[in-house]
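Student: Below you will find the structure I want to go over with you.
The values are calculated or read from the model by the stated rules, or taken from the named source; none is laboratory data. These numbers come from a predicted model, not from an experiment. Here the Cβ is made from the backbone with ideal geometry for all residues, glycine too, and neighbour counts use every protein chain on show. Remember, those area values only see protein heavy atoms, side chains included, never the ligands or the DNA or RNA. Shrake-Rupley method; radii C 1.70, N 1.55, O 1.52, S 1.80 Å.
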Amino acid sequence: MTKPLEGIKIIDFTHVQAGPACTQLLAWFGADVIKVERPGSGDVTRNQLRDIPDADALYFTMLNSNKKSLTLDTKKPEGKEVLERLIRESDVLVENFGPGALDRMGFSWERLNELNPKMIVASVKGFSDGHHYDDLKVYENVAQCAGGAASTTGFWDGPPTISAAALGDSNTGMHLAIGILTALLGRDKTGKGQKVAVSMQDSVLNLCRVKLRDQQRLERVGYLEEYPQYPHGEFSDVVPRGGNAGGGGQPGWVLKCKGWETDPNAYIYFTIQGHAWEPICKALGKPEWIDDPAYKTAEARQPHIFEIFGTIEAWLADKTKFEAVDILRKFDIPCAPVLTMKELANDPSLRASGTIVEVPHKKRGSYLTVGSPIKFSDMKPEVTASPLLGEHTDEVLASLGYSRQDIFNLREVKAV
Ligand code: COA
């Protein structure tokens with residue numbers, strides 16, 4: 001089956017996570033993604049936290065599937081020449097080097113645009129161009145702090161907290177993918193390429209927009225009625241950390257189930273969304289709460305929300321997280337077990353949908369990865385192994401018109 005992005009050639013000048021997550025997604029959907037790596041070492045994540053000596057680390061394999069690897073020293077003149085040839089033939093160049101690195105290499109936006117006016121140049125940086133921090137190198141947790149996620153995550157009596165979800169890295173890569181696809185559609189209309197830039201700070205903040213809502217509400221009324229601090233605690237002039245309360249405004253909490261004393265994940269998340277109150281009362285065997293003025297409305301419940309959660313925990317005490325959800329789902333109550341990575345890895349539904357996939361790899365044997373979270377009616381993205389360092393160098397060079405002798409002569413700039 002023809003994949004939608006077949007025929008789109010992408011120079012993948014990315015490393016670590018933010019850039020690779022973007023180009024991996026585009027590769028799943030059919031783009032020809034050529035990862036340009038430094039001879040000798042390649043993407044630094046090939047070597048980080050290896051679990052099998054001499055085989056690429058899982059971090060690398062899980063972010064670079066479906067790509068080709070071209071080793072090329074792009075700081076040497078012969079390497080630059082190869083890159084220029086590739087640029088002339090490509091639709092997109094994606095990079096997430098530190099600030100100024102591409103310019104120092106001699107490939108500024110102006111130069112790239114001159115080499116190929118139709119090419120889209122897509123960049124991830126920590127901060128946007130012109131920002132007072134735009135000279136900073138940035139990793140995931142730095143971005144979570146700079147984008148408002150850390151100050152609003154965690155418990156009010158603890159420090160700012162980092163999420164395990166890659167809000168700074170993969171999330172930024174997803175934003176960039178949307179930017180690239182938009183620029184490709186734009187090019188169909190104008191015939192011109194353009195520069196697409198996404199900053200990690202902006203991408204984190206985009207996911208924290210509800211907290212910016214809360215900042216404005218707080219400034220207007222002085223309190224946030226759906227936060228655990230209301231009505232007994234104090235509010236300052238900044239959005240506080242709300243623990244496990246629902247970020248969007250639905251009061252909810254992580255509640256203990258049977259076995260929590262020994263199993264750190266024997267919990268469910270339970271949301272008391274307004275419309276679910278009646279079924280919740282029925283499920284808990286508390287029909288008298290339905291019309292009780294002390295419980296009937298969200299406003300009435302908030303002052304004693306933790307007493308309500310306590311009652312629900314008493315109900316959960318003899319039920320595992322799975323048993324509890326099986327009962328609650330029959331009442332149409334929004335809830336979920338707190339799932340571990342082990343449970344997710346073995347989840348038959350995720351295996352069947354292609355969200356968790358097992359990929360054969362030349363050196364590792366097989367490994368698990370997260371496949372496309374986006375599902376299509378006409379295409380099932382297939383995940384193939386990440387490339388070995390320089391696995392496709394000669395193939396790519398030949399496709400650019402280099403003869404066998406030329407390829408031999410380039411050995412200095414392409415050595416693995
Ligand atoms: N051949 C020759 N040189 C190469 C090369 C190649 N194929 N590929 C990269 N390089 C060089 C670059 O030209 C650059 O050299 P220079 O600094 O002398 O100009 C260097 O390798 C890479 O620099 P940099 O990207 O700054 O790497 P780093 O390890 O110092 O920093 C990051 C890593 C991730 C902090 C930094 O790249 C960054 O801030 N990126 C933007 C934000 C981002 O994406 N963060 C990571 C999210 S997962």
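Student: Would you pull out the residues with amide H under 5 Å of Lys195's amide H, same chain only if 5 or more places away, H placed 1.01 Å from N?
Tutor: For Lys195, the qualifying residues are Val121.
Student: How much of Arg187 can a 1.4 Å solvent probe reach, expressed as accessible area in Å² and rounded to 10?
Tutor: Rounded to the nearest 10, that gives 30 Å².
Student: When the accessible area of the chain is split by element with a 1.4 Å probe, what percent falls to carbon and sulfur? Each step should come with its number before you reach the end.
Tutor: On the way: 11490 of 21020 Å².
The C+S portion of the solvent-accessible surface of the chain is 55 percent.
Student: His361's amide H: which non-local residues (gap 5+, or another chain) put their own amide H closer than 5 Å, with H modeled 1.01 Å from N in plane and none for Pro or chain starts?
Tutor: Here Ser366, Tyr367 satisfy the definition.
Student: Name the trypsin sites (Lys or Arg not before Pro) in segment 52-127 that are in a loop by DSSP and that have at most 12 other C-beta atoms within 10 Å, would you?
Tutor: Lys75
Student: Dividing the alpha-carbon radius of gyration of the chain by 2.2 N^0.38 Å (N being the number of residues), what value is obtained?
Tutor: Compactness ratio reported: 1.17.
Student: When the Karplus curve 6.51 cos²θ - 1.76 cosθ + 1.60 is applied with θ = phi - 60°, which whole-Hz ³J(HN,Hα) does each residue of segment 174-182 get, with x for Gly and Pro?
Tutor: Per-residue couplings from phi come out as 5, 4, 5, 4, 5, x, 5, 5, 5 Hz.
Student: In nm, to one decimal, how far is the Lys296 label point from the Lys375 one, both placed 7 Å along Cα→Cβ?
Tutor: It is 4.2 nm.
Student: Shifting gears a bit: For Thr190 and Gln48 in one chain, what is 0.36 nm times their gap in residues minus the Cα-Cα distance, to one decimal in nm?
Tutor: Stretched fully, the Thr190-Gln48 segment lengthens by 46.9 nm.
Student: Tell me the per residue accessible area of segment 141-195 using a 1.4 Å probe; a whole number in Å² is fine.
Tutor: Dividing the accessible area of segment 141-195 by its residue count gives 50 Å².
Student: In whole percent, what relative contact order does the chain give with Cα contacts below 8 Å and a gap of six or more residues? Write down the numbers at each step before the final one.
Tutor: Values: 730 pairs, mean separation 77.2, N = 416.
Rounded, it is 19 percent for the chain.
Student: Okay, next question. From the square roots a ≥ b ≥ c of the eigenvalues of the alpha-carbon gyration tensor of segment 1-153, which class results: rounded (a/c under 1.5), prolate (a/b over b/c), or oblate?
Tutor: Rounded.
Student: Let me ask something additional. Per residue of segment 228-235, in order, report the coupling 6.51 cos²θ - 1.76 cosθ + 1.60 (Karplus, θ = phi - 60°) as ³J(HN,Hα) in whole Hz, putting x for Gly and Pro.
Tutor: x, 5, 9, x, 7, x, 10, 10
Student: How much area per residue is accessible in segment 23-107 when the probe is 1.4 Å and only protein heavy atoms are counted (Å²)?
Tutor: 38
Student: If I model a spin label at Ser353 and His232 as a point 7 Å from the Cα along the Cα→Cβ vector, what separation in nanometres do I get?
Tutor: 3.8
Student: When ligands, DNA and RNA are left out and all protein chains stay put, how many square angstrom of accessible area per residue does segment 331-410 have with a 1.4 Å probe? The partial results should precede the final answer.
Tutor: Working: 4690 Å² over 80 residues.
Result: 59 Å² per residue.
Student: Under the rule a/c < 1.5 gives rounded, and otherwise a/b versus b/c splits prolate from oblate, where does segment 63-114 land using the Cα gyration tensor?
Tutor: Numbers: a/c = 1.38, a/b = 1.26, b/c = 1.10.
In terms of gyration-tensor shape, rounded.
Student: Going by amide H atoms built from the backbone, whose H comes under 5 Å of the H on Glu37, apart from near neighbours?
Tutor: Amide H neighbours of Glu37, under 5 Å, 5+ apart: Leu70, Thr71, Leu72.
Student: Another question, if that's okay. With the crude spin-label approximation of a point 7 Å out along Cα→Cβ, what separation in nm comes out for Glu288 versus Arg38?
Tutor: About 7.1 nm, to one decimal.
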